[in-house]
Amino acid sequence: MNSGNYFFKFLVLVIVFTAFIFIAVFFGYFSDLFSNSLSEWEYISISQIRIPRTVAAILSGIALSVSGMQMQSLFRNPLAGPYVLGISSGGALGVSLVTMGLSLTGITFSGTGAFSGVVIASAAGCLLFMLIIFSLHLKIRHPATVLVAGILLGSAASAIVEILQYISPERNVKSFVVWTMGSLSSVDTDQMYVFIVFVASGIILSLFLNNVLNTLRSGDEYAHVLGTNVKLARILVFTSTGLLTGSVVAFCGPIAFVGVAVPHITRLIIGSSNHRVLFWGNILCGGIIMLLADISSRIMFSEIQLPVNAITSLIGIPVILYLVLSKNKISFS
Amino acid sequence: MNNILKISELRTGYDNAHPVIKSPFSATAEPGQITGIIGPNGSGKTTLLKTLCCLIKPLSGNVLLGNENITLLSPLERAKRISYIMTGSSVIPDIKVSEVVEMGRFSGTGWIRSHNQTDKILCENATERTGISHLLSKRFHAISDGEKQRVLFAMALAQNTQVMLFDEPAAFLDIPAKHGIYKIMHDISRTDNKTIIFSTHDISNAIAICDKLWAFSENKIESGLPEYLGIKNVFSMLFPDNILLFDTEKMDYVTTSISNSIPVDIKGDGTKYKWTVSLLKRLGFDPGCNISAVLSVITNENDDKWIINYNSNQVIVSSLAEFEEKMKCVINKQPL
């Protein structure tokens, strides 16, 4: 609670965050930037490509980390993450139906701009799965059962996806597989604004959930005794996670491991489990990690860009492994 | 302000077909009083406590605090009036002790506000009253069970409610920790004028500290002064089998001696005598049988000897281990 203790840590995080934004946007153009000689072409490249991409990285980092934190506290499980409710499987199902399923029937469906076929399909799939989880939740008492339902839904979705992959032509399968690898570059300027609106609304909702999550850490019964309306709290947490995770899956694909690993990294750095502090820590750390992933996916090999999931996995897995191996470090919030 | 907790005609349980508390229960608990709930496992102690903090809805009847029906209060308003600490502490996450205490302030801050000066003072006061200031920076899972219970008391105190409910607060604790907990309860009931209700299996201590007892037995609930229940012989009838009897000398339960125990006449004095009697009881003898002819034991406080007379043989042993061996021979009907 003592804000003085955290001031220095947050100051460092803000500085790193700002530096990473700068690098992500202007990397390769530094000399031109400082000599004030950005050409027309460079200006377009920065405003049309670099900025949307950087914003996508920041938004997905923030969204996944905050919803990962919420899921870990709600389910009191250190290995929970934004996808435990099966949201990403819903997205994958939607995208697979568009990229592979529709082409089998001969229809092509491809909008443009903010509402391209893939984005719509993915968002619809996420929403559908969210609604299923909601209606199950109204019947189920125990939160762990919702977790099981999420896993089962995910398996059912991937079964359908596998069938589609098996019967579809190679070209379509590849475009689906590329989607599952996650991509920050598919976000254009129009999509960027829609993405901002969704993540911002999820984040604003989350602002009101930090105190409640502090009580939910100790289970439903204590949360109730301490004054939480547990049912309402859980529905709002699911809604914010749905908004945050759903929009990331829709615009960037199922970006892996960030949502599980960053909340732990944040807890280690901040040294608190108070959600009022962790929330801001996750926003900064999530943004930093995704920017780091984006920058390294571009500079590791200058010729090709690596898929972003490869990078986030390479960053996330060692962190999770470290946490699992050193027992005392892994403490669910 | 009238802050009496008034339970009237309450029936409660998890489903209507099998209520845990079957016959309607009425009682009151007043500020500044400690009420103890006693009774065998499964008699509904925890169910009643959970009903009082609205974790379980009553099947019929109601609970009033002052003039308010507690089941009609919003979660936050209820949490400003009633706190509850469950038995055990396994559900509390491994967070800093200070953060556990701060959780108690949720009813004050609500969903949005952060801690203000009042919240901080209440937390500090709670920490001080329970004597856990030195633990604040430790992690909850790293402290002892007795300390954990104190921390949970601090959380409940920080909640700053009129009614405080505790489910077996002293279970699993060693004797000093247990008395520490009772002392805190007594202290907060007297100085802060709180209404304390707690369940316990530790009946002798409950008699010693409670202003009132609610005794749950299979079919009915008796309530009143501990001594009143004692005079009505409620304690002996609490556990309906014949092995346990309530001994009013010790103010605790004693097991009745096993019927086929071997009578032994033991003479002596002091601590050594008392422990020898304890050993004989444990082995299945019936000490204090003055007319016994077959076996007699003589101990003296000042030497290391036990004189055993058995079947007109006399054996003198000089260590307790040897004495135990000889007594086992008696049980097995072997010569000494």
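The values are calculated or read from the model by the stated rules, or taken from the named source; none is laboratory data. These numbers come from a predicted model, not from an experiment. Positions of Cβ are backbone-derived with ideal geometry, glycine not excepted, and every protein chain shown enters the neighbour counts.
Worth pointing out:
- Any hit, the stretch A:275-283, residues being buried (at least 24 other Cβ atoms within 10 Å of the Cβ) and within 14 Å of chain B (Cβ to nearest Cβ): yes
- Of all the listed residues (A:35, A:60), the sole one being farther than 30 Å from residue A:218 by Cβ, free of Cβ contacts under 8 Å to residues at least 60 places away in the same chain and more than 14 Å from chain B (Cβ to nearest Cβ) is A:35.
- Qualifying position, being more than 29 Å from residue B:211 (Cβ to Cβ) and either free of Cβ contacts under 8 Å to residues at least 40 places away in the same chain or not β-branched (Val, Ile, Thr) (or both), among B:9, B:102: B:102
- Tally of residues being away from chain A (no Cβ under 11 Å) and either out of contact with any strand residue (DSSP E or B) (no Cβ under 9 Å at 6 or more places or on another chain) or surrounded by fewer than 20 Cβ atoms within 10 Å (Cβ to Cβ) (or both) across the stretch B:56-106: 14
- Taking the stretch B:146-176 as the range and being farther than 26 Å from residue B:51 by Cα and acidic (Asp, Glu) as the test, the residues that pass are B:147, B:174.
Listed here are the residues, each with its yes/no results for (1) within 25 Å of residue B:255 (Cβ to Cβ); (2) without any contact (Cβ under 8 Å) to a residue 40 or more places away in the chain.
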{"site": "B:268", "(1), (2)": "yes, yes"}
{"site": "B:276", "(1), (2)": "yes, no"}
{"site": "B:279", "(1), (2)": "yes, no"}
{"site": "B:282", "(1), (2)": "yes, yes"}
{"site": "B:286", "(1), (2)": "yes, yes"}
{"site": "B:294", "(1), (2)": "yes, yes"}
{"site": "B:311", "(1), (2)": "no, yes"}
{"site": "B:328", "(1), (2)": "yes, no"}
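- Test for residue B:188: is it closer than 17 Å to residue B:160 by Cβ and in contact with a Lys or Arg (Cβ under 6 Å, 6 or more places away or on another chain): yes
- Counting only helices (runs of 4 or more DSSP H) that sit completely within the stretch A:1-74, those holding 1 or more residues that are modelled with pLDDT of 90 or more and not basic (Lys, Arg) correspond to A:3-26, A:51-74.
- Residues being surrounded by fewer than 17 Cβ atoms within 10 Å (Cβ to Cβ) and assigned to a strand (DSSP E or B) - total across the stretch B:13-48: 5
- Considering the stretch A:224-259, the residues that are crowded, with 24+ Cβ neighbours inside 10 Å and within 12 Å of chain B (Cβ to nearest Cβ) include one that is nearest to residue B:165 (Cα to Cα), namely A:225.
- Checking residue A:294 against (1) within 25 Å of residue A:183 (Cα to Cα); (2) at pLDDT below 85, the condition it does not meet: (2)
- Filter pass, residue A:250 being assigned to a loop (DSSP other than H, G, I, E, B), within 22 Å of residue A:89 (Cα to Cα) and touching a Ser or Thr at 6+ places or on another chain (Cβ under 7 Å): no
- Residue check, residue A:176 within 30 Å of residue B:100 (Cα to Cα), of a type outside the set (Ser, Thr, Tyr) and more than 14 Å from chain B (Cβ to nearest Cβ): no
- Some residue of the stretch A:198-220 being of a type in the set (S, T, N, Q), in contact (Cβ under 8 Å) with a residue 12 or more places away in the chain, farther than 17 Å from residue A:127 by Cβ and more than 9 Å from chain B (Cβ to nearest Cβ): yes
- Subset of the stretch B:298-314 (residues that are in a strand (DSSP E or B) and under 39 Å from the mean Cα position of the chain (by Cα)): B:298, B:299, B:306
- Test result for residue A:184, touching an Asp or Glu at 6+ places or on another chain (Cβ under 6 Å) and not β-branched (Val, Ile, Thr): yes
- Residue match in the stretch B:56-70 (condition: in a loop (DSSP other than H, G, I, E, B) and either in contact (Cβ under 8 Å) with a residue 60 or more places away in the chain or outside the structural domain of residue B:219 (by TED's automatic domain parsing) (or both)): yes
- Residue within the stretch B:271-278 that is in contact with a Phe, Trp or Tyr (Cβ under 8 Å, 6 or more places away or on another chain) and either surrounded by 11 or more Cβ atoms within 10 Å (Cβ to Cβ) or not in a loop (DSSP other than H, G, I, E, B) (or both) present: yes
- Just one of (1) touching a residue at least 60 places away in the same chain (Cβ under 8 Å); (2) among the basic types (Lys, Arg); (3) in contact with an Asp or Glu (Cβ under 8 Å, 6 or more places away or on another chain) fails for residue B:178. It is (1).
- Per the listing B:34, B:112, B:121, the residue uniquely within 21 Å of residue A:215 (Cβ to Cβ) and more than 8 Å from every other protein chain (Cβ to nearest Cβ) is B:121.
- Residue B:223 in contact with a Lys or Arg (Cβ under 7 Å, 6 or more places away or on another chain) and assigned by TED's automatic domain parsing to the domain that holds residue B:34: yes
- Checked against the criterion of being more than 16 Å from residue B:32 (Cα to Cα), at pLDDT 90 or above, surrounded by fewer than 21 Cβ atoms within 10 Å (Cβ to Cβ) and in the same structural domain as residue B:167 (by TED's automatic domain parsing), the candidates B:207, B:231, B:184 yield just one match: B:207.
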